[in-house]
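Comments concern the structure below.
The values are calculated or read from the model by the stated rules, or taken from the named source; none is laboratory data. Just so it is clear, the structure is predicted and the values come from calculations on it, not from any experiment. Please note: Cβ atoms are built from the backbone with ideal geometry, for glycine as well, and neighbour counts cover all protein chains shown.
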């Protein structure tokens, strides 16, 4: 009876989360999966028909979609490690007994609280072209005039790195807070044992801090990777996918197809592909983490 009561209590406690997953994840995905195999197009007089994998063949022969996949991959490969490393460095710094560290924690976390639309507008002003733009003026000053003013958001080579910098600035505080919480769970006895053994700061970091932070780092990398592949707001507001598809992403292409060109089936197919990519990455990361735990 006690086991049944505990099981029922657990189910009741998990019910709100399970309901949220069902309503906002499972049902929308099944709907998108169903629509991806049809020819649904808003405003079309043609009846909705089952077309099999035609929509998937179309998107994988579309240069814009392939470019979006590449952009998403490059974005994730660069932003995830850089943002994680910066967040870890800030967490280690704020773990020290510094004056005003509570204020610094608040300041570093503030960009996470602001809406992404506001962040994007602020960075559009920072990237303003011409010598009076904040970023151009800063780079010209530190390079003693060697930097020539650029139009960051309209340059095919600088637009995506500009969005990467914006995303790193906005999201680092979230990772920092999680890593800081992880650092505070490491027992002081481990650091005392390392000092007694004569370990320096680097050895202590490599053999005490990093192993104890392994699970926290895996979680941070996993969440950041998922967010990287969901990149949309910054692209929509700052560059609209340009210049010349230099910043287009899978999410951006899916929204444009479904609501811009009213090709709902194509947008649904792109969403399914994005879901599969994120799922594969998540499973791979979990497999690597499980393998490392078995070795250790």
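Table: residues versus (1) within 22 Å of the chain's Cα centre (by Cα); (2) in a helix (DSSP H, G or I); (3) within 23 Å of residue 248 (Cα to Cα).
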{"residue": "111", "(1), (2), (3)": "yes, yes, no"}
{"residue": "119", "(1), (2), (3)": "yes, yes, yes"}
{"residue": "122", "(1), (2), (3)": "yes, yes, yes"}
{"residue": "125", "(1), (2), (3)": "no, yes, yes"}
{"residue": "128", "(1), (2), (3)": "no, no, yes"}
{"residue": "132", "(1), (2), (3)": "no, no, no"}
{"residue": "136", "(1), (2), (3)": "no, yes, no"}
{"residue": "140", "(1), (2), (3)": "no, yes, no"}
{"residue": "147", "(1), (2), (3)": "no, no, no"}
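Condition test on residue 116, is it exposed (fewer than 12 other Cβ atoms within 10 Å of the Cβ) and modelled with pLDDT under 90? Spelling it out, it is not the case that residue 116 is exposed (fewer than 12 other Cβ atoms within 10 Å of the Cβ) and modelled with pLDDT under 90. Whenever a residue of segment 95-107 is assigned to a loop (DSSP other than H, G, I, E, B), its partners that are modelled with pLDDT of 75 or more, lying with C-beta atoms within less than 8 angstrom and at least six residues away or across chains, give the pairs 98/104. Among the residues of segment 99-121, those identified as touching a helix residue (DSSP H, G or I) at 6+ places or on another chain (Cβ under 9 Å) and over 23 Å from residue 181 (Cβ atoms) are 115, 116, 117, 119, 120, 121. In summary, residue 265 fulfils each of the numbered conditions (1) part of a helix (DSSP H, G or I); (2) closer than 24 Å to residue 164 by Cα; (3) in contact with a helix residue (DSSP H, G or I) (Cβ under 8 Å, 6 or more places away or on another chain) with the single exception of condition (2).
A search for C-beta distances below 8 Å between a residue of segment 254-271 that is on the phi < 0 side of the Ramachandran plot and free of Cβ contacts under 8 Å to residues at least 24 places away in the same chain and any residue that is surrounded by fewer than 24 Cβ atoms within 10 Å (Cβ to Cβ) and not in a helix (DSSP H, G or I), counting only pairs 6+ apart in sequence or on different chains, returns 255/232; 256/241; 257/263. Checking every residue in segment 181-196 against the condition of being assigned to a helix (DSSP H, G or I), at pLDDT below 95 and under 30 Å from residue 235 (Cα atoms) gives zero matches. Filtering segment 186-201 for residues that are surrounded by fewer than 17 Cβ atoms within 10 Å (Cβ to Cβ) and in contact (Cβ under 8 Å) with a residue 24 or more places away in the chain leaves a non-empty set. Scan 10, 43, 20 and give me the residue that is at positive phi and out of contact with any helix residue (DSSP H, G or I) (no Cβ under 6 Å at 6 or more places or on another chain). Within the list 10, 43, 20, the selection yields 43. Listed by first and then second residue, the pairs with beta-carbon distance under 9 Å, at least 6 apart or on different chains, first residue in segment 168-181 and farther than 14 Å from residue 219 by Cα, second not in a helix (DSSP H, G or I), are 170/114. Kindly evaluate residue 69 against the criterion of being surrounded by 17 or more Cβ atoms within 10 Å (Cβ to Cβ) and in a loop (DSSP other than H, G, I, E, B). No: the conditions fail for residue 69.
Scan segment 41-60 for residues that are in contact with a strand residue (DSSP E or B) (Cβ under 8 Å, 6 or more places away or on another chain) and without any contact (Cβ under 8 Å) to a residue 60 or more places away in the chain and the total you get is 3.
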